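Peer 1: First, the structure itself, so that you have it in front of you.
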Amino acid sequence: MKKYLKNFYKYRFLLYEIVRKNIKLQYRDSVLGIFWTFLQPLLTTIVLVVVFGHIFGRNNAEIVNYPIYLLCGRLIYEFFTQSTKRAMRSIRLSASVIKKVYVPKYIYPLANVVANYITFVISLSVLACFIIYFFFFSGNPPHLTGWFFLFPVPILILLLLALGIGMILATLEVFFKDIEYLYEVFCLLLFYMTPIFYQIKQLKITSPIVNRILMANPLYSITEMFRCCVLYGRALNPHHLLYALGFALVVNVIGVWVFYKNQDKFILHI
Amino acid sequence: MGTPAIVVDNVSILFNLNKEKVDNLKEYFIKLVTHKLHFTEFWALKNISFTVEKGERVGVLGFNGAGKSTLLKTIAGVLKPTEGSVRVSGVIAPMLELGAGFDMNYSGKENIFLYGATMGYSRKFIEEKYDEIVAFSELQDFIEVPVKNYSSGMRARLGFAIATAVEPEILILDEVLSVGDAKFRKKSEAKIRSMFEKGITVLFVSHSTEQVLNICNKAILLDHGRLIAQGSAQDICAQYNEMVNSKK
């Protein structure tokens, strides 16, 4: 254990450099640069508000503040899928380095998730703007209470979850490239399974099995907790907290285990 | 002499050579079900043992496919030996392929820090060496240009400059001195020679006995994954030349 920590300490600069590189290169050559982390969620949320709030004309009146509700879900979903997809491809994309130089391989999925997390945290400023705007200029303002300050809890669990899933996907991807396409489909499914633009109770699901499946989605617990903090101003549901945290921890144990079991074989497959 | 720099203890490496590369699920299952997953066992290295003392400069000779690069990769820690063990004491700078750690979209300057970090050095440390690296690589005018626009010679120069500037204790050179123009080759040989005085340990792979004699004082000879001879550079080079001639 001590050996691993020592090794991680030695390569902390590499982690820093790769995180830096990912963030810098993501927006290089675009005119607006890093401003896109802010602009992209803003614009896509407007699209979703127009589509699901107006065109389809759903009855969203019972949701406290629909634009904020949507943005919370969208930000969390987007971070989760982007970071896990990047982590999944990271080992294969770094093949030229891994084949020639010794580096601890977990640095790559880790750095990709962390880099995405940093842009995610920056993009939370859009949410801050939304909250401030709707707090003052809306008949349906978000309920801001002391619970607001618990918002780091769900997003830290989210980071943990993305790391674990990222490690598992990175390992799988080395041996079976097909997982990239399968995961793409899974992400689409996840988009509809996670209450991003709807509320589960609105669906009036009668089948307990479907209901259970929707509840089993850890992103559901995380988005609900996040909304409790920044939108409803309510206490976190302890069931959600325990479930999401437990799920994330189990996924991490599995992720680290499969990664360590297989990392010496990576070089033979990439 | 103290502790030796590199101890290779009875190292063997086994590769499973699939007849075809299987990397998607469908193929894998079809082959698994129809029992067509054939692996051919191939020992790339077999029972290799040798010791390199600090300050020794060892040439690694052998024909294509003799296992030279596999051996160096094992010492660099990229490959794990199937059997046996490798112990290395000291900071190792692998130059298996110059510029392997570069990101093509990154500028030369940014790549210096990235490559430095790949070898485990801090940004601060590389900053101190930065001017030296740029000066040695002679890339002052191109340092802000993305590396994808570099020629292979420029990339090699930058890679060489970084790997030698950090003053490693063990240098692994895999045919890297054959890149670049004659002028840079001379310069890099001189640079390596100046590092000898600081007691650097060198592992050097080359097909040119001339270069090996120039740089090394000891040598080992590999053939089909086995260590067939070790000794002074002169003796081993003579034996290698004999092998070359007898194969003709």
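Every number in this text was worked out from the coordinates using simple rules, so none of it is lab data. None of these values were measured; they are calculated from a predicted model. Heads up, the Cβs are rebuilt from the backbone with ideal geometry, glycines too, and the neighbour counts pull from every protein chain shown.
Peer 1: Mind listing the long-range amide H neighbours of B:SER107? Cut-off is under 5 Å, sequence gap 5 or more, other chains count too, H placed in the peptide plane at 1.01 Å from N.
Peer 2: Amide H neighbours of B:SER107, under 5 Å, 5+ apart: B:VAL147.
Peer 1: May I ask you to sort B:ASP174, A:ASP264, B:ASP223 by Cβ crowding, counting other Cβ atoms within 10 Å and putting the fewest first?
Peer 2: Details: B:ASP174 22, A:ASP264 12, B:ASP223 16.
Ranking B:ASP174, A:ASP264, B:ASP223 by Cβ neighbours within 10 Å, fewest first, gives A:ASP264, B:ASP223, B:ASP174.
Peer 1: Another question, then. Which whole number gives the average, over all residues in A:258-268, of C-beta atoms from other chains lying within 10 Å of the residue C-beta? Mind showing how you got there, number by number?
Peer 2: Details: counts 0, 0, 0, 0, 0, 1, 3, 2, 0, 4, 5.
Whole-number average of other-chain Cβ neighbours for A:258-268 is 1.
Peer 1: Please find the FRET efficiency linking A:ASN237 to A:TYR192, where r is the Cβ-Cβ separation and R0 is fixed at 25 Å, and quote it to the nearest 0.05. Display every interim value, and only then the final one.
Peer 2: Numbers: r = 22 Å, r/R0 = 0.90.
The formula returns an efficiency of 0.65 here.
Peer 1: Rg to Rh ratio, chain A, alpha-carbon atoms and Kirkwood radius? Numbers along the way, then the final one.
Peer 2: Details: Rg = 19.7 Å, Rh = 19.9 Å.
Checking Rg against Rh, the ratio lands at 0.99.
Peer 1: Then there's this: Could you tell me what a quarter of the Cα convex hull surface of region A:81-183 works out to, in nm² with one decimal place?
Peer 2: Details: hull surface 33.8 nm².
About 8.4 nm², averaged over all directions.
Peer 1: Could you let me know the centre-to-centre spacing of region A:16-39 and region A:217-241, using Cα atoms, in angstrom?
Peer 2: Their Cα centres are 30 Å away from one another.
Peer 1: Semi-axes of the equivalent ellipsoid for chain B, please: Cα gyration tensor eigenvalues, times 5, square-rooted, ordered largest first, whole Å. Spell out each step's value before the answer.
Peer 2: Working: eigenvalues 198, 139, 62 Å².
That gives 31, 26, 18 Å for the three semi-axes.
Peer 1: About the Cα centre, and with charges only on the beta carbon of Lys, Arg (+1) and Asp, Glu (-1), how big is the dipole of the protein assembly as shown? Nearest 20 debye, please. If you can, show how the numbers build up before the last one.
Peer 2: Details: 56 positive and 39 negative charges, 153 e Å.
Taking the Cα centre of the protein assembly as shown as origin, the dipole is about 740 debye.
Peer 1: Taking Cα pairs under 8 Å and at least six residues apart, what relative contact order does chain A come out at, in percent? Before the final figure, lay out each step's value.
Peer 2: Working: 300 pairs, mean separation 70.4, N = 270.
With pairs under 8 Å counted, the relative contact order is 26 percent.
Peer 1: Continuing with this model, one more query. Post the alpha-carbon centroid distance, region B:189-248 to region A:129-170, in whole angstrom.
Peer 2: Each part reduced to its Cα centre gives a spacing of 62 Å.
Peer 1: Okay, moving on. Ignoring everything except DSSP H segments at least 4 long, calculate the 222 nm mean residue ellipticity for chain B; use -39,500 (n - 2.57) per segment, divide by total residues, nearest 500. Display every interim value, and only then the final one.
Peer 2: Details: 8 runs with 95 residues, N = 248.
Estimated from H runs of four or more residues: -12000 deg cm²/dmol.
Peer 1: Within 10 Å of each Cβ of A:6-15, how many other protein chain Cβ atoms are there on average? Provide the component values of the computation, followed by the final result.
Peer 2: On the way: counts 0, 1, 0, 1, 3, 4, 3, 13, 8, 1.
Across A:6-15, the average partner-chain Cβ count within 10 Å equals 3.
Peer 1: Per Stokes-Einstein, at 10 °C and 1.306 mPa s, what whole-number D in µm² s⁻¹ belongs to the protein assembly as shown, with the Kirkwood radius over Cα pairs as the hydrodynamic radius?
Peer 2: Values: Rh = 26.3 Å.
Here the translational diffusion coefficient equals 60 µm²/s.
Peer 1: At a 10 angstrom cut-off on C-beta neighbours, averaged per residue, how do the peptides A:73-86, A:175-188 rank from highest to lowest?
Peer 2: Numbers: A:73-86: 22.2, A:175-188: 14.6.
So the peptides A:73-86, A:175-188, ranked by packing, come out A:73-86, A:175-188.
Peer 1: When Cβ neighbours within 10 Å are restricted to other protein chains, what is their mean count per residue of peptide B:118-126? Numbers along the way, then the final one.
Peer 2: Numbers: counts 12, 6, 11, 3, 5, 4, 1, 1, 2.
Across B:118-126, the average partner-chain Cβ count within 10 Å equals 5.
Peer 1: Work out the FRET efficiency for A:TYR181 and A:LYS2 from their Cβ-Cβ distance, taking R0 = 51 Å, and round it to the nearest 0.05. Each step should come with its number before you reach the end.
Peer 2: Numbers: r = 41 Å, r/R0 = 0.80.
According to the calculation, E is roughly 0.80.
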